[in-house]
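Let me begin by presenting the structure, written as structure tokens, before commenting on it.
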Amino acid sequence: MNDSSWGAPPQAGYWEPTDRGFARGAAPAGPAYDAQHAQQTRPMPIVPDVPEHGGDQDDDRGAARLSGPLFRDGQPQPQPYGPPRTDLYDAPQPRPHDTPQAPPSGAVPQNPEPMPDAPQPAPPQKKSAGRDLGAAIGVGVGLGAVIVASLFIVKAVFVGVIAVAVVVGLWELTKRLQERKGIKAPLVPLAVGGAAMVVAGYARGPEAAWVAMALTALAVLVWRMTEPPENYLKDVTAGVFAAFYVPFLATFVALMLTADDGPFRVLTFLLLTVVSDTGAYAVGWRFGRKKLAPRISPGKTREGLLGAVAFAMAAGALCLEFLIDGGAWWQGLLLGLAVAASATLGDLGESMIKRDLGIKDMGSLLPGHGGIMDRLDSLLPTAPVVWLLLVVFVGTS
């Protein structure tokens, strides 16, 4: 080796230290080389990535500096032999994030990606009655107490209760017709004529009720003439319908009251209708599967109708046997069957009206029930059926 190699940077090949510097030589191989030059030939340690400077992490940024025998405090140190190595500055050292490293087998990642939650089945929903059951029961018991008290104390008081219910029902119906359809059925002649129908039926019988009905219809036609002719036919048609639907059908309750056992006939009528509705509700809510009339009333089921028939027939047999003079249990079965059919049709009829109007209830006067008309829906068409069958079975007196 000549002296010109002193101070020159190392060239290609292997340079070994001597007493005068580095000397080129063949790279040894084998265990002797590995053991002797382990310090110079060991691989550089992998330096972990460090977040950007700033915040609370600034104090740890020294961990990102290169370390090892050639580095101290982040600066390259002179080598013990020969000139400093310039290849430390030629190319940047690879960082861990430049080449993703596969984690060793069995290693648990520090921040594993959260696995998406598997879809959980929806909890089964309980059937709901759709109304405040406590309020409905309380209001029903209160109305029943008033009706029974007036029915058995003074008949005329009960006739007044029927008349008040008729007037309120007419008010609810005409108000909803005007709000939802723009139909102005005249309320004043309907209310006066409706109350007169009930009183005439109780005082003078069915003929007087028919006369009062005709006069009420005529009063509706004349009353509407005081306004412009637009929509006249629509308004008077709705008025005549309201007169027949509410007060005229309710008059048959007053006709039942005129008999000697009139209070028990009215009580039978009320009990059978309520029992039919209760049986339909209870059985349909618990066992209902097949819809009865989904386009009219989606809540009604065929199973509920069977429950109404069974409950009403059982109640009818008991009422005709123990409450009505001269009645028989088999007549009660027929009466209960007829009541279940008429009450269901009446309920569906008012549901048809409310669906056409786009409303759920006719009113909100009775908590848990809706309005008066929502309670009269099954009673009104049932009244003439019960009156007629009782006249056929046991007569008018």
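The values are calculated or read from the model by the stated rules, or taken from the named source; none is laboratory data. Computed from a prediction, not measured in an experiment: that's the story for all the values here. Every residue, glycine as well, gets a Cβ built from its backbone with ideal geometry; the counts of neighbours run over all protein chains shown. Areas reflect the complete protein model, heavy atoms only, side chains present, ligands, DNA and RNA absent. Shrake-Rupley method; radii C 1.70, N 1.55, O 1.52, S 1.80 Å.
A few comments on the model shown:
- All other residues whose Cβ lies under 15 angstrom from that of I147 are scored, Lys and Arg at +1 and Asp and Glu at -1, for a net of +3.
- Taking every protein chain into account, the 1.4 Å probe leaves E227 with about 80 Å² of accessible area, to the nearest ten.
- Cα-derived Rg to Rh of the range 167-259, Kirkwood definition: 1.01
- Compactness of the range 135-192, expressed as Rg and Dmax over alpha-carbon positions, Å: 14.8, 43
- The heavy atoms of W330 offer some 130 square angstrom of accessible surface to a 1.4 angstrom probe.
- Cα-derived Rg to Rh of the range 245-329, Kirkwood definition: 1.08
- Sorting 139-148, 233-242, 160-169 by average packing, meaning the other beta carbons within 10 Å per residue, from highest down gives 160-169, 233-242, 139-148.
- The range 290-397: C-alpha pair distances exceeding 25 Å, %: 30 percent
- Simple label model, 7 Å out from Cα along Cβ direction - V164 to V146, nm: 0.5 nm
- Full-extension gain in nm, K175 to L323, via 0.36 nm per residue minus C-alpha separation: 49.3 nm
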